Amino acid sequence: MTLEVGVLGYRFMGKAHANAMARLPMFFPDAPDVERAVLIGRDEEALTDAAERLGFDAIATDWTDVVADADVFYNLGPNHVHAEPSIAALEAGTPVFCEKPLAPTLEDARKMADAAREADVPAGCAFNYRFVPAIRYAKGLLEAGELGEIRHVRGRYLQDWLVDPAEPWSWRLDEELAGSGVLGDLGAHTVDLLRFLVGDDDLAGDIERVSGHLQTFVDERPVDEDDGETRPVTVDDAYSAQLAFANGAMGTLEASRFATGHKNDHTIEIHGSEGSLRFSLERLNELEVLRRDENRGYETILVTDADDPYVDHWWPPGHVLGWEHTFVHENYEFLSAIDSGSEFEPSFEDGLEAQRILAAIEDGDERGEWVTLD
Ligand code: SOE
């Protein structure tokens, strides 16, 4: 059976997911056959060009018909477009894959998760960093108890694309359109990844309390460098947060779009009673592991010969993978889940849980105090 996919969004994430779907027949031959059937957008000329480049059969400027007719609906549009089309698709019984964060607001995220529960079809949230082989290897070490009692969890996501005040305004900088700034854009990834790695009850458990600090450094930006028009920035440029986990572990999070010199630097560090691990997205094929009883400091493992379900699909050990491969892995798992009628994680429930934690961090910043998650 061929899955006909309708995709809303054709820029950055449209390209990442279209590329991922195109790789499946060559590298994941057991994946279901997928046809990039319809590409949805508003600008017909740009859409036609994108459909040609990304290998779509047709275009549509109105999602309402597509979400009911397609076998699968991908919502890769800006955050404020995530809720309505995704809920309509789910109400029509169409599985949905939605980019992160699930929604601009906790309220919309709840509505999307409710619709997914009601529809009882796969509804995935595209937290692609769960599909990095080194992250899955780290999860295996943690679940095997190799780090012992979890004490410290640290997540940092640093970029610097806004450090120049002349960088133009975009939808990501508007609270109505994005919901939040770096908190939802990058913090969502870190929160989800930490839940994935140490959220089990016998590791760090749930996040019970948070504190938050959000900062906007540049509060207006040019819309068009020629006419001098500017628009306000109504979201955070950087955030930091403290987390208190159920088992007593302490979490420290931060992200910024002003970390001069850091391009896409997502790092995770975990310290336990028996050892530590360190991951950096800029060196995503490696995992640094320290075992206290070996007293040898951190050992860098090249995660290509670990028993990883993805690495063998690509190249021999040591022929490293890149950022784009994480999208291939998550598309393989999501489309296979639809084909086999099985569960997919991260689901809309995971998207909602991440949104709950982000909203609590924002609440903590506004109230200037710790916030307990109910
Ligand atoms: C922001 O620049 C961004 O594109 C995020 O939106 C993505 O989720 C992240 O993977 C890379 O950076």
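The values are calculated or read from the model by the stated rules, or taken from the named source; none is laboratory data. Note that the structure is predicted; figures quoted are calculated from it, not measured. Quick reminder, even Gly has a Cβ in these numbers, built from the backbone with ideal geometry, and neighbours come from all protein chains shown.
Quick look at the values:
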{"item": "Test: residue in region 142-151 that is in contact (Cβ under 8 Å) with a residue 40 or more places away in the chain and within 12 Å of the ligand (Cβ to nearest atom)", "result": "no"}
{"item": "Residue within region 153-161 that is of a type in the set (A, V, I, L, M), in a loop (DSSP other than H, G, I, E, B) and either in contact (Cβ under 8 Å) with a residue 40 or more places away in the chain or touching a Lys or Arg at 6+ places or on another chain (Cβ under 7 Å) (or both) present", "result": "no"}
{"item": "Subset tally (residues that are hydroxyl-bearing (Ser, Thr, Tyr) and either farther than 30 Å from Arg136 by Cα or assigned to a loop (DSSP other than H, G, I, E, B) (or both)) for region 191-219", "result": "1"}
{"item": "Residues (assigned to a helix (DSSP H, G or I) and either hydroxyl-bearing (Ser, Thr, Tyr) or touching a strand residue (DSSP E or B) at 6+ places or on another chain (Cβ under 7 Å) (or both)) located in region 162-184", "result": "Leu173, Val182, Leu183"}
{"item": "Some residue of region 322-343 being surrounded by fewer than 12 Cβ atoms within 10 Å (Cβ to Cβ), under 20 Å from Arg23 (Cα atoms) and within 16 Å of the ligand (Cβ to nearest atom)", "result": "yes"}
{"item": "Wholly enclosed strands (runs of 3 or more DSSP E) of region 22-114 bearing at least 1 residues farther than 26 Å from Asp174 by Cβ", "result": "33-40, 58-60, 72-75"}
{"item": "Hits in region 6-36 - residues which are in contact with a Phe, Trp or Tyr (Cβ under 7 Å, 6 or more places away or on another chain), among the hydrophobic types (A, V, I, L, M, F, W, C) and either without any contact (Cβ under 8 Å) to a residue 40 or more places away in the chain or not assigned by TED's automatic domain parsing to the domain that holds Ser86 (or both)", "result": "none"}
{"item": "Subset of region 230-280 [among the β-branched types (Val, Ile, Thr) and under 22 Å from Ala134 (Cβ atoms)]", "result": "Thr252, Thr267, Ile268, Ile270"}
{"item": "Residue in region 207-222 that is within 16 Å of the ligand (Cβ to nearest atom), over 18 Å from Ala178 (Cβ atoms) and at pLDDT 95 or above present", "result": "no"}
{"item": "Given (1) among the acidic types (Asp, Glu); (2) at pLDDT 95 or above; (3) farther than 26 Å from Glu282 by Cβ, number of the condition Glu345 does not satisfy", "result": "(3)"}
{"item": "Residues satisfying the stated conditions in region 94-141, i.e. within 16 Å of the ligand (Cβ to nearest atom) and among the β-branched types (Val, Ile, Thr)", "result": "Val132, Ile135"}
{"item": "Complete set of residues in region 1-21 that are over 18 Å from Pro95 (Cα atoms) and not in a helix (DSSP H, G or I)", "result": "Tyr10, Arg11"}
{"item": "Matching residues, region 168-198, being free of Cβ contacts under 8 Å to residues at least 60 places away in the same chain and either within 12 Å of the ligand (Cβ to nearest atom) or in contact with a His (Cβ under 7 Å, 6 or more places away or on another chain) (or both)", "result": "Ser170"}
{"item": "Selection count, region 341-374, where residues are out of contact with any His (no Cβ under 6 Å at 6 or more places or on another chain) and farther than 22 Å from Ser86 by Cβ", "result": "14"}
{"item": "Region 185-218, residues that are touching a strand residue (DSSP E or B) at 6+ places or on another chain (Cβ under 6 Å) and acidic (Asp, Glu)", "result": "Glu208"}
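Results for (1) over 24 Å from Thr300 (Cβ atoms); (2) assigned by TED's automatic domain parsing to the domain that holds Asp363; (3) hydrophobic (A, V, I, L, M, F, W, C); (4) surrounded by 22 or more Cβ atoms within 10 Å (Cβ to Cβ), shown as yes or no for each residue.
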| site | (1), (2), (3), (4) |
| --- | --- |
| Tyr157 | no, yes, no, yes |
| Ser170 | yes, yes, no, no |
| Gly187 | yes, yes, no, yes |
| Leu194 | no, yes, yes, yes |
| Asp201 | yes, yes, no, no |
